[in-house]
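Notes to accompany the following structure.
The values are calculated or read from the model by the stated rules, or taken from the named source; none is laboratory data. Keep in mind it's a predicted model, so treat the numbers as computed, not measured. Virtual Cβ from ideal backbone geometry, glycine too; neighbours counted across all protein chains shown. Please note that ligands, DNA and RNA were not included when accessible areas were found on the heavy atoms of the full protein model with its side chains. Shrake-Rupley method; radii C 1.70, N 1.55, O 1.52, S 1.80 Å.
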Amino acid sequence: MNVLNTEKAPGAIGPYSQGYEVNGVVYTSGQIPVNPADGSVPEGIAAQAEQSCKNVAAILEAAGTGMDKVFKTTCFLADMADFAAFNQVYATYFVSKPARSCVAVKTLPKNVLCEIEAIAVK
């Protein structure tokens, strides 16, 4: 098992890792839309979805894989009314159309609007 860590994605804010690579499969922790450079969170679902996707991509890159190798995602939305706007951004990053679950949750860390976790092959 290899622990993944990159400064191009936000550091873990709890007792977990950014991700793991196990037997050629990469598992990312859920990525919220925190800019790793300055800790800021952009306004609005489109900007937050974009930053979450960038954070997932950075972890995958650190593992030696990419967004085109993702075969499963789990997405969390603070409000299902954001579903269409979220999908519009998501579709530009996850072009291989991985299997996905998308659920609405009561609250996300830092009161963000979305979170994305991914599983990919190397």
- line: Quick count over the range 14-47, residues being touching a Lys or Arg at 6+ places or on another chain (Cβ under 8 Å) and under 15 Å from L108 (Cβ atoms), is 3
- prompt: Does at least one position in the range 65-76 carry a residue that is free of Cβ contacts under 8 Å to residues at least 24 places away in the same chain and open to solvent by 40 Å² or more (accessible area, probe 1.4 Å)?
  reply: no
query: How many of the residues making up the range 38-53 are without any contact (Cβ under 8 Å) to a residue 40 or more places away in the chain and polar (S, T, N, Q)?
result: 2
- prompt: Restricting attention to the range 98-121, does a residue exist that is more than 14 Å from the chain's Cα centre (by Cα) and under 16 Å from L60 (Cα atoms)?
  reply: yes
- prompt: For the range 107-122, does any single residue satisfy the condition of being without any contact (Cβ under 8 Å) to a residue 40 or more places away in the chain, open to solvent by less than 50 Å² (accessible area, probe 1.4 Å) and not in a strand (DSSP E or B)?
  reply: no
message: Take E61 and tell me if it is in contact with a helix residue (DSSP H, G or I) (Cβ under 6 Å, 6 or more places away or on another chain), open to solvent by 30 Å² or more (accessible area, probe 1.4 Å) and assigned to a helix (DSSP H, G or I).
response: no
- prompt: Has the range 80-92 got at least one residue that is open to solvent by less than 10 Å² (accessible area, probe 1.4 Å) and closer than 24 Å to G24 by Cα?
  reply: no
- prompt: Is one or more of the residues making up the range 41-55 surrounded by fewer than 17 Cβ atoms within 10 Å (Cβ to Cβ) and part of a strand (DSSP E or B)?
  reply: no
message: Consider the range 77-105. How many of its residues are without any contact (Cβ under 8 Å) to a residue 24 or more places away in the chain and in a loop (DSSP other than H, G, I, E, B)?
response: 1
field: the range 1-40, subset of a type in the set (F, W, Y) and farther than 22 Å from V89 by Cα, residue most open to solvent (accessible area, probe 1.4 Å)
entry: Y16
